[in-house]
Structure formats: structure tokens, C-alpha cells
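Before any comments, here is the structure.
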Amino acid sequence: MNKISILHLVTAAKNASPFDVNMAFDAGYEKIMPYTNVLLNEVVALTQDAIFSRSPSGIKQEAFFFGGRDIHLALDMQKAARSAMFKPFEMSTFSDPSGAFTTAAAMLAKVDAHLQKSQQTLGQQTIAIFGASGTVGSTAALIAARQGAKIMMMAHADTASMQAYVDNMQQRYDVQLTVADGSSDAAKKNSVGASQCCFVRNTGRCTCVRPRSFRKIFQLESSGRRKRSAAFCDRRCGCDGEWRCDCRYCDCWLRRLSHWSA
């Protein structure tokens, strides 16, 4: 008898993400079982329950997904699950807390594709990341750093706190990251001027009532080319829309990529 496919959705959060559940069903899993409020030291036991209750052929129809809001905890959980497996009792594992891994990977793939048009690579770039301590910003920093890019983690308020966070990331993942001051418009301008690419975090709001200064920072002239932060606005804020929105926020932050125009 063919075994049904099961996704074990593990999260330290109070609730499983409906987004993750939808993605899992759309990916073709027949059953999704959420486990919430899971502690790191509980993952090994959950994994062993999953692998020892089916034959090796049945295990191939199972997978573990680690979600939540903490990228470091999700990776630790995935590592713990893998440590509990051995041949032939092994199954696929995947982490994507807050959708950060897939989002950051898609963002960097788009930037890399654009760079290739001018025979450049990510590894040649100095990248300033705003919202660097967030899930997407941190993940983008790790991926780009592994590609050889020089990463500037922008500290909006407390440089010491960002430095402590960066030190932990460097120790965990063996990458090189630099903290840069982003506490003022002047500091942001200096960092943007020293970079070739900028990744900008969006808060999910779209409004044009904020000062224009942030947008001006991202319209610096550099080597005869204008560096711009792509802000595709949904026009609900009353602005003129694409490229002409004066707000710091836009509707589709996935497309808010560093963009070069002649």
C-alpha cells in the first residue's frame, strides 16, 4: 500500500503560519501536521517518532519543515532533527522561518541576474543592508557574504546592539560582516555612497507623508550612474506610482531591490 505524504510542520511559535500551511498543500503534501510551541530539546524525540513509525520507503513520503520567526532557532532545530537520523531512516528537512530564506534567496537571485547583465557578480559588490537584524535582512547578509560580497549591516539606533548581533552571526556561520552607522540621514548617505547595492526593509505600510530625505539618500550620483531604491508603489497612498513614490514604504517589498539606471 502506498503511503500518503506527510509534512511535519514544526515551530516554536504559538501558532503554525497559515502561509506555510498553504504553501505545503500547494506543493502537493496530502497531510500537514503542525507542532507548535516546540522547544529545541524536543526536536530529536519528535524526529525519532516520525522515522521509526514507517519503513524506509514510507519515510521517503515524509518531511520536516521548520518555521517560526527566528532564523537561528529554525536552523538549530533542523540540525537537531538531522542528528537524530541515520541510514536508511532519513527524510527531507527544510527551514524557512517567516519565509525569510526563500524571500532572501529570490531577492538575491534577482539582483545577481541584473548584475550579470554588466558582467558583474554578487561577490564583487559592497552591499548596505537596512533592516539587517530582521529575518530577511539577516538571511540576505549571510547568503551574499558566502558569495564573497562585503556586507554593511546598518545600525539604525544602537551600534553596540547590532555589533553584538553581528558577532554572534559571524561566530555561528563563519562569515565576515561589518556594522555601519545608520542612525542619521548623513550616516545613511555615507554608507550608501560607499556601497554598490542597497537592500531596504519595508514595514508593510505605504504612505507618502514621511520626509523625502530617505528617498533622496538613495538617488546619489555614483560613477556617472544613478543609484536608486526600487519602490513599486500600489498608489493607495495617492502618489504617482512606480518610481515616483516619495514614501519610504511600498506595497511589494520583495521587489524593493537595488536598481541601477543609466
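The values are calculated or read from the model by the stated rules, or taken from the named source; none is laboratory data. None of these values were measured; they are calculated from a predicted model. Positions of Cβ are generated from backbone atoms using ideal geometry, with glycine treated the same way; all protein chains shown enter the neighbour counts.
Being loosely packed, with under 14 Cβ neighbours inside 10 Å and at pLDDT 90 or above is a property that Pro97 lacks.
Do you know which of the residues in region 170-186 that are among the hydrophobic types (A, V, I, L, M, F, W, C) and closer than 30 Å to Lys79 by Cα is surrounded by the fewest Cβ atoms within 10 Å (Cβ to Cβ)? The qualifying residue surrounded by the fewest Cβ atoms within 10 Å (Cβ to Cβ) is Val175.
Against the conditions (1) out of contact with any Pro (no Cβ under 6 Å at 6 or more places or on another chain); (2) part of a helix (DSSP H, G or I), Ala74 satisfies every one except (1).
Any idea which residue in region 104-161 is nearest to the chain's Cα centre (by Cα), counting only those that are closer than 15 Å to Gln196 by Cα and β-branched (Val, Ile, Thr)? Per the stated criteria, the residue is Ile129. Every condition in (1) of a type in the set (Lys, Arg); (2) over 30 Å from Tyr165 (Cβ atoms); (3) touching a helix residue (DSSP H, G or I) at 6+ places or on another chain (Cβ under 8 Å) holds for Lys87 except the one numbered (3).
Taken over region 33-42, the residue count meeting the criterion of being under 15 Å from Glu62 (Cβ atoms) and under 24 Å from the mean Cα position of the chain (by Cα) is 2.
Out of all the residues in region 53-60, is one or more within 25 Å of Phe89 (Cα to Cα), at pLDDT 95 or above and not charged (D, E, K, R)? No, because not a single residue in region 53-60 is within 25 Å of Phe89 (Cα to Cα), at pLDDT 95 or above and not charged (D, E, K, R).
Tallying residues that are touching a Phe, Trp or Tyr at 6+ places or on another chain (Cβ under 7 Å) and not in a helix (DSSP H, G or I) within region 112-155 yields 5. Among residues of region 39-60 that are in contact (Cβ under 8 Å) with a residue 12 or more places away in the chain, those with a beta-carbon under 8 Å from a residue that is of a type in the set (Ser, Thr, Tyr) at least six positions away or on a different chain give the pairs Val44/Ser83; Leu46/Tyr35.
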